[in-house]
Amino acid sequence: MSCKELQEEELEVLRSIYDGDEHFRELSPTKFQYKVTEQGENRSYLLEISWSENYPNSKPNVNLDAFYNKYLKPEVKTEIVSRVLEEAEQLLGMPMTYTLLEWAKENSEKLLQNQPEHLTATEDGLSTKDTSAVTVPLLLLLSGARGCITKKKPQLTKQQKRKMFDRLDAKGEKPRGWDWVDVVKHLSQTGGSKSNATETSNS
């Protein structure tokens, strides 16, 4: 069987096995991603495996270059890739993508043992060092929060955030008179002007 035929056969098997699995993505007929998750807000990663023309007689390309993996420590990335390639070495000549993905899932705790469970804030900005600094929610981190954060802010919807932003001036402060009541508008809504007008006409 040629490499191309083996790849076509393996592709059908992968589609069948991972059909409906939200963690699996087929980027192309020769490139796949799998989201491996562990407990902790930054202890999951997207493992990408792609085939060369000579696969499975040669090892697949393995990388963690996806933006999703931004917060993985560099040494953790290197460890994961090298360990997966070591496994691939033992499987040369046979379909191995499913085996490698399952191996990564089963060994995720070991592979991520040097990755801290939480993202932390430091004086220099955001860090993944496992210190006693304040834990930073991933939402704040993605929005570019800087510095030391002492308490979590309540979660707001996009519409609530937009309304809040619209009320602020260039300095980020509420403008003078933002809570003043429009007297004319208020009277027209309450019907005060009508009652006054009736009283005037009766007299």
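Of all residues in region 89-119, how many are free of Cβ contacts under 8 Å to residues at least 12 places away in the same chain and open to solvent by less than 100 Å² (accessible area, probe 1.4 Å)?
Going through region 89-119 one residue at a time, the tally reaches 1.
Just the residues that are open to solvent by 20 Å² or more (accessible area, probe 1.4 Å), touching a residue at least 24 places away in the same chain (Cβ under 8 Å) and assigned to a strand (DSSP E or B), please, taken from region 25-38.
K35, T37
Out of region 1-16, which residues are assigned to a helix (DSSP H, G or I) and open to solvent by less than 80 Å² (accessible area, probe 1.4 Å)?
C3, L6, Q7, E10, L11, V13, L14
Select from region 39-86 the residues that are assigned to a strand (DSSP E or B) and over 22 Å from the mean Cα position of the chain (by Cα) and list them in ascending order.
S50, N61
The values are calculated or read from the model by the stated rules, or taken from the named source; none is laboratory data. Not measured: the values here are computed from a predicted model. Neighbour counts are summed over all protein chains in view; Cβ atoms, including those assigned to glycine, are modelled from backbone coordinates with ideal geometry. Each accessible area value is taken on the protein alone, full model and side chains, heavy atoms only, with ligands, DNA and RNA left out. Shrake-Rupley method; radii C 1.70, N 1.55, O 1.52, S 1.80 Å.
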